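Taken together, the values in this text are just the output of simple stated rules run on the coordinates, not laboratory data. This is a predicted model, so every value here is computed, not measured. Here the Cβ positions follow ideal geometry from the backbone for every residue, glycine too, while neighbour counts run over all protein chains shown.
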Amino acid sequence: MKKSKALQKRWTTQEWFYLGSLVFGLALGIVGASIMASRPNIPDHSAKLLEATGVEPWYALSKVSIESVAGRPTLKFSDHINDLNGKTVQLRGYITPLQIGSEQKHFILSPKPPTCAFCMPGGPDEMVEVFTRTPVKYSIDPVTVSGTFALLQHDSGGLFYRLANAEPVQSAGRL
């Protein structure tokens, strides 16, 4: 018996190239899928983690603008922010340490977690300088603190807000 001509055909270089490309692409897809499947879980830093009853929302603190008064830049805060000045306020956010050690009495609180030891986590409307009465243990999770809120018009560090005499707060199963 003779083999049919279809079975006797030799593959051309171009056909081998296409077959090799197909096998290589499949192998790359399998490797890529296995890498994605073994990737560690990314922590959830969504705004929902910062929401809690009685906590001032961060978007409220962003209602500030800079105006020129007598040739000098001056901060113009919204009426809501002005109403908070001097009052006890609860804030929930991420600690950016300003001291060495796991216990912090002076730190920056922000709605964004720190990503670099030498970088601030946001703009001045997204940071509050916090001074606490008792140390707060540093955590990568958000914390809630309560203290006396102050507006800073001409802070040498460029900050807009400060929370003094602050204490950690336990709220709805959160600290």
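Brief remarks on what is shown
- Extreme residue, positive dipole direction of the chain, given options L22, V136, T53 (C-beta unit charges): L22
- Shown for T96, T53: other C-beta atoms within 10 Å of each C-beta, ranked fewest to most, produce the order T53, T96.
- Taking the Cα centre of the chain as origin and assigning +1 to Lys and Arg Cβ atoms and -1 to Asp and Glu Cβ atoms, the resulting dipole is close to 1420 debye.
- Fewest-first ordering of D155, D79, D141 by other beta carbons within 10 Å of each residue's beta carbon gives D79, D141, D155.
- Among G71, G20, G54, the residue with the largest mean-square fluctuation in a Gaussian network model of the chain, with springs joining Cα atoms closer than 10 Å, is G20.
- Identified option (computed P(r) over Cα pairs in 10 Å bins from 0, in percent; candidates (i) 7, 11, 8, 8, 8, 8, 8, 7, 6, 5, 5, 5, 4, 3, 2, 2, 2, 2, 1, 0; (ii) 8, 28, 22, 10, 7, 7, 6, 5, 4, 1, 0; (iii) 10, 38, 37, 14, 2): (ii)
- Across the options G157, G123, A70, the greatest Cα extent toward the positive end of the charge dipole of the stretch 47-168 (unit charges at beta carbon of Lys, Arg, Asp, Glu) belongs to G157.
- Each label point was placed 7 Å from the Cα along the Cα-to-Cβ direction; for L152 and A60 their separation is 2.1 nm.
- The chain: angle of helix 13-37 to the longest principal axis, Cα-based, in degrees nearest 10: 30 degrees
- Whole-Å distance, taken between Cα centres, linking the stretch 149-169 and the stretch 114-136: 10 Å
- Residue with peak Gaussian network fluctuation, the chain [Cα springs, cutoff 10 Å], from L75, L61, L91: L75
- Estimated from the Cβ-Cβ distance and a Förster radius of 22 angstrom, the FRET efficiency linking K48 and C119 is about 0.35.
- Of all DSSP beta bridges in the chain, antiparallel share, percent nearest 5: 90 percent
- Secondary-structure-derived ellipticity at 222 nm for the chain, considering helices only, amounts to -6500 deg cm²/dmol, per-run term -39500 (n - 2.57) for DSSP H runs with n ≥ 4.
- Comparing F107, F24, F118 in a Gaussian network model of the chain (Cα springs below 10 Å), the most mobile by mean-square fluctuation is F24.
- Neighbour-count ranking [beta-carbon atoms within 10 angstrom, fewest first] of M36, M120: M36, M120
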